[in-house]
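As structure tokens, the structure follows; a few thoughts come after it.
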Amino acid sequence: MIPIIKPSLDQREAEAASRVILSGWITQGAEVASFEREFAETVAAPHACAVSNCTTALHLTLLAAGVRAGDEVVTVSHSYIATANSIRYCGGVPVFVDIDPTTFNMDPNLVEAAITGRTRAILCVHQVGMPCDMAELKPIAQRHGLPLIEDAACAAGSEIFWNGRWERIGKPHGDAACFSFHPRKLVSTGDGGMITTRHKDWDKQFRLWRQHSMSVPDTVRHASNQVIFETYPELGFNYRMTDIQAAVGREQLKKLPGIIARRRELASRYSSLLTDVPGLITPVEPQWARSNWQSYCIRLPESCDQKQTMQILLDRGISTRRGIMCAHREAAYRQQPWRSPSKLEASERAQETAIILPLYHDLSMADQEYIAEQLRAVVLEGTPCEVSS
């Protein structure tokens, strides 16, 4: 079976984790601090704060942006459900705008129509690693005096051409960017997240909130020769990263340039192998963007049923995943408040017709050719059809 993804982990990560385990300090500590510093340097961010995952990163960032009960946040439904959920954790209401079907990202032309007097922030998503059009979104946010937050869960290492030069997603180009270190991401710590921001006061607040709003961190108390009693001045959260995870993350960061180069090579080869498949649409990278190709997401021809195509490929030893979900179609959001100023037709169509192909560092040329060959055969055969048992 060809998997959808395999994390790029080896003995170096195992030795890093072992070193921390044997040190006697395994929770948030010196390794987390080093990982934060190194991640900030990698993306050229003024501040970076490690947390337990990207969902908690989004939650804290929206709180720092001032999102509270009844406030609205303009975002996309076409994203993993954590994007919308993080708004609801603050008591906010997601306002969904449709996507640009060529990039699977928020359509900037639809954003201003979604803004009202209750709007508190804009939350864009760099979907499957493809950068959003920040050059269009940032002026909109500035005109309306709104924080612009980037859900960069998939985008570690992606770049945009900004002010005449290539810059990493996460610098950040809005007010803050939130990353995931889930196993399906290029940099993985098992799970974990990072918030980068240009606001010193936001970073200070993140560090307080992530550790129960403890007035004196445990690292300071343990290092002191004086007895210190901490206080808890406000409601906080248990959103910390462990030193074990951070040690793994530090090794992963060293590999990031090579991982990106390899994935860009694989994505280019997919595009070449699939260019002549009738009706199939391969992903488009805008001239101002360099994707890390966290996923390679294609659009199937009208003649192909998505689920049955995926089942035939699975029967032939190829794992795939459905295209990005739409939160507003999930049962959870029948009970949660949300609104949209227009129909979400492009989002729904993308969910129904897109599939994600296997893409990982060690994917062989032979396996990639086999995937393309089988996908071409399925398209030419046409679906729906009887699926083998």
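The values are calculated or read from the model by the stated rules, or taken from the named source; none is laboratory data. These numbers were taken from a predicted model, which means no experiment stands behind them. All Cβ positions, even for glycine, are placed from backbone atoms using ideal geometry, and neighbour counts span all protein chains on display.
Filter segment 49-92 for residues that are β-branched (Val, Ile, Thr) and outside any helix (DSSP H, G or I) and give the result. Once the filter is applied, which keeps residues that are β-branched (Val, Ile, Thr) and outside any helix (DSSP H, G or I), segment 49-92 yields Val51, Val67, Val73, Val74, Thr75, Val76, Ile81.
When segment 157-201 is filtered for residues that are modelled with pLDDT under 95 and in contact with a Gly (Cβ under 9 Å, 6 or more places away or on another chain), nothing remains.
Only one of the listed residues (Ala44, Ala50) is under 27 Å from Gly236 (Cα atoms) and in contact (Cβ under 8 Å) with a residue 40 or more places away in the chain. That residue is Ala50.
Please pick out the residue among Arg290, Arg329, Arg322, Arg339 that is buried (at least 17 other Cβ atoms within 10 Å of the Cβ), at pLDDT 95 or above and not assigned by TED's automatic domain parsing to the domain that holds Leu186.
Values: Arg329 fails: buried (at least 17 other Cβ atoms within 10 Å of the Cβ); Arg322 fails: buried (at least 17 other Cβ atoms within 10 Å of the Cβ); Arg339 fails: buried (at least 17 other Cβ atoms within 10 Å of the Cβ).
Being buried (at least 17 other Cβ atoms within 10 Å of the Cβ), at pLDDT 95 or above and not assigned by TED's automatic domain parsing to the domain that holds Leu186 holds for just one of Arg290, Arg329, Arg322, Arg339, which is Arg290.
Would you pick out the residues in segment 9-41 that are modelled with pLDDT of 95 or more, of a type outside the set (Val, Ile, Thr) and not in a helix (DSSP H, G or I)? Answer for segment 9-41, where residues must be modelled with pLDDT of 95 or more, of a type outside the set (Val, Ile, Thr) and not in a helix (DSSP H, G or I): Leu9, Asp10, Gln28, Gly29. Put simply, of Ala64, Ala44 the only residue that is farther than 30 Å from Arg299 by Cα, crowded, with 19+ Cβ neighbours inside 10 Å and either modelled with pLDDT of 95 or more or charged (D, E, K, R) (or both) is Ala64. Inclusion of Trp288 among residues that are in contact (Cβ under 8 Å) with a residue 12 or more places away in the chain, among the hydrophobic types (A, V, I, L, M, F, W, C) and touching a Lys or Arg at 6+ places or on another chain (Cβ under 6 Å) is not warranted. Evaluate the following for Phe96: is it modelled with pLDDT of 95 or more, of a type in the set (A, V, I, L, M, F, W, C), surrounded by 20 or more Cβ atoms within 10 Å (Cβ to Cβ) and within 19 Å of Ser342 (Cα to Cα)? Taking the combined requirement at face value, the residue satisfies it.
The set of residues from segment 100-139 being within 18 Å of Asp71 (Cβ to Cβ) and either among the charged types (D, E, K, R) or in contact with a helix residue (DSSP H, G or I) (Cβ under 6 Å, 6 or more places away or on another chain) (or both) comprises Val111, Glu112, Arg118, Arg120, Ile122, Cys124. Evaluation of Thr189 against the conditions (1) touching a Ser or Thr at 6+ places or on another chain (Cβ under 9 Å); (2) closer than 18 Å to Ile122 by Cβ shows that the sole unmet condition is (2).
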